[in-house]
Structure formats: structure tokens, C-alpha cells
Amino acid sequence: MGILNILRVGASALNAQRLRMETIATNIANVQSTKTDDGGPYVKKETTFVPTDLSDSKVFSSMLSEKVEGVKVGEIRNSDKPFEKVYDPGHPDADGEGYVTYPNVNLLSEMADMMVATRAYEANVNVVNTTKEMYLKALDIGK
Amino acid sequence: MKIESINIGPLTGNAPLGSAKKPSASFGDILKDSIQKVTDLEKDANLQTEKLTRMENQDIHNTMISIEKADLSYHLMMQVRNKIISAYEEVMRMQV
């Protein structure tokens, strides 16, 4: 795997983490959205990661051994956690008994997820930087 | 007993070898090719930067990585150039 391919793997991870950050941002923004176009309250979005082959499929050697495995977001699916019901008869979205269904987004766990995403992003930036340092060090050979 | 002739194959000149095989790229061609690759990477970095400034591309890390790729390949090209120049100077210093 060439040095530039490591950068591609790092880029794919950065892309994936950015997409995850987007879903977290959406979740936090909609933490109190009690009504959507589909009727019920906002449903928390979850991301899953899957490995993906980044190599150019046209290169023959890449089909043999040089697999460039990066990462991508596999799917963004709706969480099946239970909704939270709060008694608030004055709320416009309250049901017949006066209960309002709030989204199944837990702000604390979203904050924790956000920290994980930030750290993962940072780690991948470090991978890119360290790869660059290695490359430049290799160019110093024989100086 | 049958004595077979010794077949050494073409020894004279490069022409028969060259015509049998695919003409191999000369050193100059390889050099030109790699410089072209560096240029391509730099063009890509330029394009990504332009896209970022036009707000078409929202991923700043992709732009940064393109720039880094161009930077690294440029460094490599400069090192190769330095080596070639020093080899040339070495030859020029040779006592005749």
C-alpha cells in the first residue's frame, strides 16, 4: 500500500466521521421536535460504519493483493429506542390525555457521541499528519 | 550422436532485442511521466481549493489532503531533481 493510499484511507475515515457528526447535529437540533411531516415526533438517527474498498478497480494489481480498505457510513437508520412521554396539556402537540411524545434523543448521550466523533476525527488527522512526517523523513535518507 | 548448434541468440546491437520486445520507456520518459503525475496532483489540489472557496465542496479535509498529496509528491520530485543534478555535476567534474 503506497503512502498516498494511506492518505486516502484517512480521508475516507474523515468523511465518515463528518457524516456521523452531521447526524449528531441533526439529532441535537431536533431534540424537542414533537411533530414531523410523518406525524409522530422526530426519530433519532444512528450511523453504522462498514469497511470499503477504495482501490481503483481498473488497476489489476489492486484486485490481487493491494486492497485499500477504508471506511464509509453503511447506513443511517432510525433508532428504535422508546419515546419519552411528558404530561403537558397546554402543548399544541399533546394527545387526548394531555401527554406530549418527545423524540427519543438523549442529549447527554448525543454529547458523548459528539466527543467520540471529535476524537475519532482527531485520531485520523493524526494518522494523516504522521504519514506525511514518515514520507518526508524517508526523503531525508541520504541527505 | 547428434550435435546441436549452440544458439546464443542475437548478440549484435540492440535492434533485434528492441524489435522483439515492447520498446521500454527511456529514463527521460519515466521522468516526464512522474512530473506529469505531480502536475496532475497539483491541479487536483487547485481544483479542490477553488471548489472550497466557491463553497461547492463542504469537506475541508479533502481539500487539505489533496494539498498534502501535491506537497509530498512535489517534495519527492525535488529530491529526484537534486539527485539528478548532483549526479550530473559529478560527471562534469570527472577528469578526462
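What follows draws every value from the coordinates through simple rules; no lab data is involved. What you are looking at is a predicted structure, and each value in this text was computed from that prediction instead of being measured. Note that each Cβ is placed from the backbone with ideal geometry, even for glycine, and that neighbours are counted across all protein chains shown.
Our compactness index for the stretch A:3-138, the C-alpha radius of gyration over the empirical 2.2 N^0.38 Å, is 1.47. Mind pulling the angle between the C-alpha long axis of helix A:107-139 and the longest principal axis of chain A? Nearest 10 degrees, somewhere in 0 to 90. The answer is roughly 10 degrees. Shown in residue order for the stretch B:64-70 are the 3J(HN,Hα) couplings computed by the Karplus curve 6.51 cos²θ - 1.76 cosθ + 1.60 at θ = phi - 60°: 4, 5, 4, 4, 4, 4, 4 Hz (x for Gly and Pro).
When you count the other C-beta atoms within 10 angstrom of each residue and take the mean per peptide, A:4-11, A:93-100, B:88-95, A:128-135 line up highest first as A:4-11, A:128-135, A:93-100, B:88-95. For the stretch B:26-92, the orientation-averaged shadow of the C-alpha convex hull comes to 5.0 nm² (one quarter of the hull surface). Amide H contacts under 5 Å for A:GLU69: A:LEU54, restricted to partners 5 or more places along the chain or on a different chain, H placed in the peptide plane at 1.01 Å from N.
Put the Cα centre of the stretch B:38-75 next to the Cα centre of the stretch A:88-104 and the gap is 50 Å.
Highest GNM mean-square fluctuation, chain A, Cα pairs closer than 10 Å: which of A:ALA123, A:ALA25, A:ALA112? Of A:ALA123, A:ALA25, A:ALA112, the most mobile in the Gaussian network model is A:ALA112.
What pairs from A:LYS45/A:LYS72; A:LYS132/B:LYS32; A:LYS44/A:LYS81 go past 18 Å between their alpha carbons?
Long pairs (Cα-Cα over 18 Å): A:LYS132/B:LYS32.
Between the listed residues A:LEU139, A:GLN32, A:SER12, the Cα displaced farthest toward the positive end of the dipole of chain A, a dipole computed from Cβ unit charges relative to the Cα centre, is found at A:LEU139.
Computed from Cα atoms alone, the Kirkwood hydrodynamic radius reported for the protein assembly as shown is 23.7 Å. With K and R counted +1 and D and E -1, the other residues having a Cβ less than 14 Å from that of A:ALA94 yield a net charge of -3.
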